[in-house]
Amino acid sequence: MQAIDTLTPCPCGNDAGYARCCGPLHEGGVAHTAEALMRSRYSAYVLKREDYLLATWHPSTRPASLKLAAQQPAPTWLGLDVKRHEEAGVHATVEFIARLRYGGGKAQRMHEISRFVQEQGRWYYLDGQFPQS
Ligand SMILES: [Zn+2]
């Protein structure tokens, strides 16, 4: 397998590559926009970085664990498409479509409108709605 820091494009789809996109955030860097945080969380799902997903989840809605490693069938993430990104003060909304496949199943779309909140300069995932589409 390819070394993680040379992944190009980034798992989130950015042509700049992992080392210039989601990688620094996974190492503790600050996401300057909610969209950047959202993209880094998508990449964390791809890379099974449960620690990062929990660390960027707001404590008020954060689950105790995600058990990503135990998920069966394991999802294969196929791509991310950010549709909309709106920030208003310390609140933000990011709408996106992620494509994934479970095991050998058919590719499916996950359409989510995520809410984010900023505290002490850091964005956190709050929750998501899943519109029918
Ligand atoms: Zn990225």
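The residue list V82, V94 contains one member that is crowded, with 17+ Cβ neighbours inside 10 Å, at pLDDT 95 or above and in contact with a helix residue (DSSP H, G or I) (Cβ under 7 Å, 6 or more places away or on another chain), which is V94.
Scanning segment 8-52 for residues that are surrounded by 15 or more Cβ atoms within 10 Å (Cβ to Cβ), within 9 Å of the ligand (Cβ to nearest atom) and hydrophobic (A, V, I, L, M, F, W, C) yields C10, C12, C21, C22, L25, A36. Could you go through segment 63-80 and let me know if any residue there is more than 16 Å from the ligand (Cβ to nearest atom) and either acidic (D, E) or touching a residue at least 60 places away in the same chain (Cβ under 8 Å) (or both). No, segment 63-80 has no match at all.
Conditions (1) within 14 Å of the chain's Cα centre (by Cα); (2) under 18 Å from H58 (Cα atoms), marked per residue:
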residue	(1), (2)
W77	yes, no
D81	yes, no
V90	no, yes
T93	yes, yes
G103	no, no
K106	no, no
R109	no, no
E112	yes, yes
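Scanning segment 54-71 for residues that are part of a loop (DSSP other than H, G, I, E, B) and closer than 15 Å to Y124 by Cβ turns up T56, H58, P59, S60, T61, R62, P63. The single condition among (1) at pLDDT 95 or above; (2) among the aliphatic types (A, V, I, L, M); (3) surrounded by 12 or more Cβ atoms within 10 Å (Cβ to Cβ) that A74 does not satisfy is (1).
Quick one: how many residues across segment 72-110 are of a type in the set (A, V, I, L, M, F, W, C), out of contact with any Leu (no Cβ under 9 Å at 6 or more places or on another chain), over 21 Å from P9 (Cα atoms) and assigned to a strand (DSSP E or B)?
Of the residues in that region, 1 qualify.
Criterion applied to D51, D15 was being without any contact (Cβ under 8 Å) to a residue 12 or more places away in the chain and assigned to a loop (DSSP other than H, G, I, E, B), and the one residue passing it is D15.
The values are calculated or read from the model by the stated rules, or taken from the named source; none is laboratory data. These numbers come from a predicted model, not from an experiment. FYI the Cβ positions are ideal-geometry reconstructions off the backbone, even for glycines, and counts take in every protein chain you see.
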